[in-house]
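A short worksheet on the structure shown next.
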């Protein structure tokens, strides 16, 4: 039996998403500053987990050595993730708060939290970490002047070296990124851990629960700030003490713009369209959505300008080949920047990182990817915040509340397949006489939805303070050799 959730369009009550209640517990439990699961059984489980990492490293070592000798950037990444790099210079004199986001979406989601922490406690040193190359790059662009580090692999040695290098007094995880050894070493070193913007999908919950029985993780977290009550219930079911779960809302809404983002003259000239020609942007697409969107565009709105922004830009060559097999020769943004003349009649493939927000500023209608395939969707509020009508497919379980809110307000349309997407594009940017009026109504409704979702960041900081997690004047000192008990 599939554990896929019903879509927002199918779910009863989708027209009225439940109201969010924000409240702090009257007597928050103290931070977890010691290993809550000591003993032989836990030690044996972690030993077996470490052996699995060792076996994986042994199998991969020939390739790692070969690749590292030929690629200095890859060699640096391996050293960073193993925790072997020397400490980077500190950027402030106070205690360190480490904020971790796995990749681009989580790193961008951390922006309002880092900015609010800096305003509320300017003495703190705020360090940002990421796991992926694109996440690290976006972190360095988004947080100039701050330390940006690579998150370690989850061996005990790498975790201890990483903590010794960064010296955090608090670890904040955006969304969910729980690694058994790192959490255990944080507990042992007296470093509290908080999850912010937390979410667990219904599909992933059984796996989390099974893994947590062998290597408990959820009981090592001092505070879980979740986006909505549905996620709160899942964190409790996964093993977090109910008193440690607080519904705060999603901090990502606080970083979204108030209205259209100026794409700038360059993107406007390269990706824009002649006067009177609408622009359709397909953002954060996954394989094979680019082909599906192009087919829908050709069927429903072939006169519109189409811009494809894949979630992983490194896929651009294979996307271009797949489209060419369908008889469509796409242009690439890097080629346009290199001097190729823009052709608004051809789809353009944005094969760069970190420009989606500005490209949304060009759009008349946005399709959000990861939704025509069983991926779970991508950020639906980002285009809505700019006043862009939003289209998405049937698979939005990772953003179910956002989908419900937008659908209930009339700010979005959900399509069941590429055929329905073509029809929706025809109605919104085609020859329909009321297309412009429909877009305007959806645009205003979307901005109103986003406005109603703001405020989670301030409440999250209140929760961190109430639970005693924001560090005082002194941070713990951790030795790479002896900072955690054996």
For this session: With an 8 Å cut-off on Cα pairs and a minimum separation of 6 or more residues, tell me the relative contact order of the chain in percent.
Result: 19
For this session: Please grab the % of Cα pairs in segment 237-360 that end up more than 24 Å from each other.
Result: 35
Exercise. Using the per-residue mean of other Cβ atoms lying within 10 Å as a proxy for protection, in what order, highest first, do the peptides 34-43, 381-390 fall?
Worked result: 381-390, 34-43
Seminar exercise, completed: Here, segment 34-182 modelled as identical Cα point scatterers in vacuum has Debye log10 I(q)/I(0) at q = 0.11 Å⁻¹ of -0.47
Exercise. Stokes-Einstein at 37 °C, 0.692 mPa s, Kirkwood radius from Cα pairs: D for segment 198-270 in µm² s⁻¹?
Worked result: 226
Problem set entry | the chain pair-distance distribution - Cα-Cα, 10 Å bins, rounded % | 4, 19, 28, 25, 17, 7, 1, 0
Exercise. Cα-based Rg (one decimal) and Dmax (whole number) for segment 282-349, in Å?
Worked result: 11.1, 31
Exercise. If you take the alpha carbon radius of gyration of segment 264-453 and divide it by 2.2 N^0.38 Å, what ratio comes out, to two decimals?
Worked result: 0.94
Exercise. Label-point separation (nm) for residue 79 and residue 56, each offset 7 Å from Cα along Cα-to-Cβ?
Worked result: 2.3
Exercise. Which log10 I(q)/I(0) values, to two decimals, does segment 349-430 give at q = 0.12, 0.14, 0.15, 0.17 Å⁻¹ under the Debye formula with one point per Cα?
Worked result: -0.32, -0.44, -0.50, -0.65
Exercise. Mind checking the log10 I(q)/I(0) for segment 157-254 at q = 0.20, 0.22, 0.23, 0.24 Å⁻¹? Debye, one equal scatterer per Cα, no solvent, two decimals.
Worked result: -0.97, -1.13, -1.20, -1.26
Problem set entry | For segment 347-486, fraction of C-alpha pairs farther apart than 19 Å, in % | 62
Problem set entry | Mean Cα-pair separation over length for segment 75-132, i.e. relative contact order, pairs under 8 Å, 6 or more apart, % | 44
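Quick note: the coordinates plus some simple rules give every number you see, no bench work behind them. Values in this document were obtained by computation on a predicted structure and should not be read as measured data. Methodologically, a virtual Cβ is constructed for each residue, glycine included, from the backbone with ideal geometry; neighbour enumeration extends over all protein chains shown.
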